[in-house]
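K.L.:
Could you have a look at this structure, given as structure tokens, before my questions?
The values are calculated or read from the model by the stated rules, or taken from the named source; none is laboratory data. In this text, all values refer to a predicted model and were calculated from it rather than measured experimentally. Cβ coordinates were reconstructed from backbone atoms using ideal geometry, including for glycine residues, and neighbour counts include every protein chain displayed.
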Amino acid sequence: MDEAASAPRCRTSPDPRALVIVDVQRDFCEGGALAVAGGAAVAAAVSEYVAANEGNYALVVASRDGHAPASDNGGHFSAAPDYVETWPPHCVLGTPGAEHQPGLHLPAGTVDVVKGEGRPAYSAFEGIDSVSGKMLEDLLADNDIDEIDVCGIATDYCVKATALDAVAAGFPTRVLTALLVGVSPGTTRAALDEMVAAGVVLFDEGLLSPGGFEGIISGEAAWTQAAAKGGT
Ligand SMILES: [Zn+2]
């Protein structure tokens with residue numbers, strides 16, 4: 001056993017919990033190749049949240065879509081995209097669009113998980129640590145993670161896929177509803193419903209107390225709050 005694996009970790013959280021920040025990248029924010037309106041605001045909100053709650057997480061992961069240059073990446077890119085299964089070229093590795101949005105400030109030690117080189121990959125669980133090459137699920141196991149929070153871009157695509165994979169992998173999973181943005185209202189609503197049906201808890205992180213995670217609310221209540229927030 002190596003030293004890192006045997007050393008006790010310092011945690012303030014009662015449960016080893018990971019935060020997975022999905023695809024808060026230049027190309028998914030205003031001015032990017034596949035911009036989602038509100039992306040830059042999500043970057044700022046996530047940064048503020050992480051700064052205030054870093055001690056509650058045993059592991060922080062930030063995923064990135066990272067596609068191969070000069071390739072359609074397994075049919076993911078199209079010159080005539082349908083915006084359902086095909087998309088304009090975006091997040092090409094080695095270009096600024098694949099980098100995190102400049103307003104996203106991440107703590108030291110954040111794991112950079114990259115997905116989609118040569119193929120479509122919506123879920124962060126399809127990604128690998130750019131340093132160690134390990135799959136996300138293996139990283140979570142290495143860090144004894146028991147529960148997962150998910151936030152980022154876009155609610156109706158990569159956030160949904162990540163949260164559904166987290167539940168499928170057996171992790172109690174929350175989606176932080178104020179740290180999300182979707183591509184369109186209809187698909188976002190459907191995505192939230194699908195996540196709740198799969199067992200994901202929609203969580204308003206505004207209810208998060210400094211000492212713990214007492215703010216968990218039911219999916220229906222969270223949706224009502226999210227809908228109310230979206231309407232203002
Ligand atoms: Zn992509």
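K.L.:
Find all pairs meeting these conditions: Cβ atoms under 7 angstrom apart; at least six residues apart or on different chains; first residue within region 133-145 and at pLDDT 95 or above; second residue part of a helix (DSSP H, G or I).
P.N.:
So the pair list comes out as LEU136/ALA124; LEU136/PHE125; GLU137/PHE125.
K.L.:
Can I ask one more? For ALA41, state whether it is over 21 Å from VAL113 (Cα atoms) and touching a residue at least 12 places away in the same chain (Cβ under 8 Å). Please lay out each step first, then the result.
P.N.:
Details: over 21 Å from VAL113 (Cα atoms): yes; touching a residue at least 12 places away in the same chain (Cβ under 8 Å): yes.
Yes: the conditions hold for ALA41.
K.L.:
Among residues belonging to region 66-97 that are out of contact with any helix residue (DSSP H, G or I) (no Cβ under 7 Å at 6 or more places or on another chain) and not in a loop (DSSP other than H, G, I, E, B), point out the one that is farthest from the ligand (Cβ to nearest atom).
P.N.:
Step one: of region 66-97, the residues out of contact with any helix residue (DSSP H, G or I) (no Cβ under 7 Å at 6 or more places or on another chain) are 67-89, 93-95.
So of that shortlist, the ones also not in a loop (DSSP other than H, G, I, E, B) come out as 67, 77, 87.
On the way: HIS67: 6, PHE77: 8, TRP87: 6 Å.
Per the criteria, the residue is PHE77.
K.L.:
Mind checking which residues of region 33-65 are away from the ligand (no atom under 16 Å from the Cβ), part of a loop (DSSP other than H, G, I, E, B) and on the phi < 0 side of the Ramachandran plot? Steps first, answer last, please.
P.N.:
From region 33-65, those away from the ligand (no atom under 16 Å from the Cβ) are 37-38, 40-61; that's our starting set.
Going one step further and asking which of them are part of a loop (DSSP other than H, G, I, E, B), we end up with 37-38, 57-58.
Once the filter is applied, which keeps residues that are away from the ligand (no atom under 16 Å from the Cβ), part of a loop (DSSP other than H, G, I, E, B) and on the phi < 0 side of the Ramachandran plot, region 33-65 yields ALA37, TYR57, ALA58.
K.L.:
Test each condition in (1) within 28 Å of GLY55 (Cβ to Cβ); (2) surrounded by fewer than 24 Cβ atoms within 10 Å (Cβ to Cβ) for ALA198 and report the one that comes out false.
P.N.:
(1)
K.L.:
Can you say whether ALA108 is aliphatic (A, V, I, L, M), modelled with pLDDT of 95 or more, farther than 27 Å from GLY186 by Cα and surrounded by fewer than 20 Cβ atoms within 10 Å (Cβ to Cβ), as far as the supplied structure shows? Walk me through it before giving the result.
P.N.:
On the way: aliphatic (A, V, I, L, M): yes; modelled with pLDDT of 95 or more: no; farther than 27 Å from GLY186 by Cα: yes; surrounded by fewer than 20 Cβ atoms within 10 Å (Cβ to Cβ): yes.
Against the criterion (aliphatic (A, V, I, L, M), modelled with pLDDT of 95 or more, farther than 27 Å from GLY186 by Cα and surrounded by fewer than 20 Cβ atoms within 10 Å (Cβ to Cβ)), ALA108 does not qualify.
K.L.:
Something else: Out of CYS158, CYS151, which single residue is closer than 20 Å to VAL42 by Cα, within 15 Å of the ligand (Cβ to nearest atom) and not in a loop (DSSP other than H, G, I, E, B)?
P.N.:
Values: CYS151 fails: within 15 Å of the ligand (Cβ to nearest atom).
Criteria check complete, one pass: CYS158.
K.L.:
Now a separate question. Within the group PRO185, PRO120, which residue is farther than 18 Å from ALA18 by Cβ, surrounded by fewer than 23 Cβ atoms within 10 Å (Cβ to Cβ), out of contact with any Ser or Thr (no Cβ under 6 Å at 6 or more places or on another chain) and at pLDDT 95 or above? Break it down stepwise before answering.
P.N.:
Working: PRO185 fails: at pLDDT 95 or above.
The conditions single out PRO120.
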